[in-house]
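K.L.:
This structure is in structure tokens; I'll ask about it shortly.
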Amino acid sequence: MASFQPAMADITLTRDDMKFIAALVYEQAGIVIREHKEAMTRGRLARRVKALGMSSVAEYCAFLKTPQAAGELPELINAVTTNHTAFFRERHHFDHLRREVMPRLLQERSQRRGRIRIWSSACSSGEEAYSIAASCREAIGARGDLDFRILATDIDTDILARAEAGIYPAELFERLPPDVKPLLKLEPGAGRGEARIAEELRRMIAFKRLNLIERWPMSGPFDVIFCRNVFIYFDTQTKASILDRFVALLSPGGFLYLGHSESLPQPHPHLRLIGRTIYERTA
Ligand SMILES: C[S@@+](CC[C@H](N)C(=O)[O-])C[C@H]1O[C@@H](n2cnc3c(N)ncnc32)[C@H](O)[C@@H]1O
């Protein structure tokens, strides 16, 4: 009997198409795709080829060169982003936030109605933003006079939808250190093998799409900015320009957290290194 398997797409990625994709992704998102990432890029493009029912990566690249492809560009960016993240990743940042920053901010805001703003600027699937909420919730306690908000943004619309739902495989939480797991106040019953972050933490966060290399709609100021494990995808010029804009949005005495392998592209006159990838805005 004949079998009717769908024809496999041709996922060959030519050198020219690789160059074209790298240039397009750089222009759209500031992400630098180096030549040695060719196999990974091919695999990620293959997913879009399949989703669109196309027959080859070459056909997809040809489509991207047409005016009709404008609506596909966000999907291309969603496909090429690396979203790896974890709850309480780089734990020392959350300990610093909880033990040093929050008590200081709460004291400063004790005389008047206090506004506290924290930005998770490449939040991926939300683990970073929920870890921030979990680290601050206890300190805020019952202070009804506080106007506390977390803004969590990312360029990737698929990953943001997952972040906003706040539902994760339960096994992710099993590996967490026992002292931080209760802070997430998990609700059971989201689905088999899943757990959901409690509503009281979810409502502390606004998730929005934001491209770090485009104009930002917020006027700030922020008390704390997390920008972790995204600078590694940018070149020096892009990093320097984003950093200047972070500093302009940070209140004096505010904090910037970078990822473990990241550093400032060059010393910044208004940022002082005060801990492991923790910077304080000086003036
Ligand atoms: C590796 S994840 C880091 C997640 C989290 N900050 C952490 O450290 O665990 C990098 C995130 O940066 C996002 N990203 C890449 N380019 C971006 C851009 N131009 N604007 C905003 N987000 C971007 C990706 O979509 C991805 O979710």
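The values are calculated or read from the model by the stated rules, or taken from the named source; none is laboratory data. All of these numbers come straight from a predicted model, not from anything done at the bench. So basically every Cβ, Gly included, is an ideal-geometry build from the backbone, and we count neighbours across all protein chains shown. We work out accessible area using only protein heavy atoms, side chains counted, and drop any ligands, DNA or RNA first. Shrake-Rupley method; radii C 1.70, N 1.55, O 1.52, S 1.80 Å.
K.L.:
Which condition breaks for Glu75 when tested against (1) assigned by TED's automatic domain parsing to the domain that holds Asp145; (2) acidic (Asp, Glu); (3) under 25 Å from the mean Cα position of the chain (by Cα)?
P.N.:
For Glu75, the failing item is (1).
K.L.:
Okay, moving on. Restricting the stretch 176-200 to residues that are in a helix (DSSP H, G or I) and in contact (Cβ under 8 Å) with a residue 24 or more places away in the chain, which is most open to solvent (accessible area, probe 1.4 Å)?
P.N.:
Out of the qualifying residues, it is Glu200.
K.L.:
Among the listed residues Ala58, Ala70, Ala62, which satisfies the condition of being of a type outside the set (S, T, N, Q), open to solvent by 30 Å² or more (accessible area, probe 1.4 Å) and in contact with a helix residue (DSSP H, G or I) (Cβ under 8 Å, 6 or more places away or on another chain)?
P.N.:
Matching residue, one of Ala58, Ala70, Ala62: Ala58.
K.L.:
For the stretch 87-146, give me the residue count where each residue is assigned to a loop (DSSP other than H, G, I, E, B) and either within 11 Å of the ligand (Cβ to nearest atom) or of a type in the set (D, E, K, R) (or both).
P.N.:
Count: 15.
K.L.:
What pairs come out if I take residues in the stretch 81-108 that are β-branched (Val, Ile, Thr) and pair them with residues that are within 12 Å of the ligand (Cβ to nearest atom) and not in a loop (DSSP other than H, G, I, E, B) whose C-beta lies under 7 Å away, six or more apart or interchain?
P.N.:
Here the result reads Thr85/Glu127; Thr85/Glu128, each pair linking the stretch 81-108 to a residue that is within 12 Å of the ligand (Cβ to nearest atom) and not in a loop (DSSP other than H, G, I, E, B).
K.L.:
Do any residues in the stretch 118-131 that are under 11 Å from Asn229 (Cα atoms) and at pLDDT 95 or above have Cβ atoms under 8 Å from those of residues that are part of a strand (DSSP E or B) and open to solvent by 10 Å² or more (accessible area, probe 1.4 Å), where the two are at least six apart or on different chains, and which pairs are they?
P.N.:
Note: pairs meeting the criteria are Ala122/Asp154; Cys123/Asp154; Cys123/Phe207; Ser124/Asp154.
K.L.:
Quickly run through the stretch 6-54 and pick out the residues that are among the small types (Gly, Ala, Ser) and either open to solvent by 70 Å² or more (accessible area, probe 1.4 Å) or part of a helix (DSSP H, G or I) (or both).
P.N.:
If the condition is that a residue be among the small types (Gly, Ala, Ser) and either open to solvent by 70 Å² or more (accessible area, probe 1.4 Å) or part of a helix (DSSP H, G or I) (or both), then Ala7, Ala22, Ala23, Ala29, Ala39, Gly43, Ala46, Ala51 are the ones that fit.
Results for (1) of a type outside the set (A, V, I, L, M, F, W, C); (2) more than 24 Å from Ala283 (Cα to Cα), shown as yes or no for each residue.
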site: Glu199; (1), (2): yes, yes
site: Ala206; (1), (2): no, yes
site: Trp216; (1), (2): no, no
site: Gly220; (1), (2): yes, no
site: Ile225; (1), (2): no, no
site: Val230; (1), (2): no, yes
site: Asp235; (1), (2): yes, yes
site: Thr238; (1), (2): yes, no
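K.L.:
Here's another thing I want to ask about it. Return the only residue of Ala152, Ala134, Ala129 being small (Gly, Ala, Ser) and out of contact with any strand residue (DSSP E or B) (no Cβ under 6 Å at 6 or more places or on another chain).
P.N.:
One residue alone meets the criteria, Ala134.
K.L.:
Can you tell me how many residues in the stretch 202-253 are in a helix (DSSP H, G or I), more than 27 Å from Asp147 (Cα to Cα) and within 14 Å of the ligand (Cβ to nearest atom)?
P.N.:
7
K.L.:
Same structure again: Name every residue in the stretch 201-210 that is surrounded by fewer than 16 Cβ atoms within 10 Å (Cβ to Cβ) and out of contact with any helix residue (DSSP H, G or I) (no Cβ under 7 Å at 6 or more places or on another chain), in order of residue number.
P.N.:
Arg203, Ala206, Lys208
K.L.:
Is the stretch 151-171 home to any residue that is more than 14 Å from the ligand (Cβ to nearest atom), open to solvent by 30 Å² or more (accessible area, probe 1.4 Å) and in contact (Cβ under 8 Å) with a residue 40 or more places away in the chain?
P.N.:
no
K.L.:
Let me spell it out: the conditions are (1) of a type outside the set (A, V, I, L, M); (2) open to solvent by less than 80 Å² (accessible area, probe 1.4 Å); (3) assigned by TED's automatic domain parsing to the domain that holds Ala139, and Pro217 meets all of them except one. Which number is the exception?
P.N.:
Pro217 satisfies all of (1) of a type outside the set (A, V, I, L, M); (2) open to solvent by less than 80 Å² (accessible area, probe 1.4 Å); (3) assigned by TED's automatic domain parsing to the domain that holds Ala139 except (2).
K.L.:
Would you mind stating whether Leu264 is assigned to a strand (DSSP E or B), under 23 Å from Ile155 (Cβ atoms) and in the same structural domain as Asp156 (by TED's automatic domain parsing)?
P.N.:
no
K.L.:
Quick one: would you say Val224 is buried (at least 17 other Cβ atoms within 10 Å of the Cβ), in the same structural domain as Arg99 (by TED's automatic domain parsing) and under 12 Å from the mean Cα position of the chain (by Cα)?
P.N.:
It is false that Val224 is buried (at least 17 other Cβ atoms within 10 Å of the Cβ), in the same structural domain as Arg99 (by TED's automatic domain parsing) and under 12 Å from the mean Cα position of the chain (by Cα).
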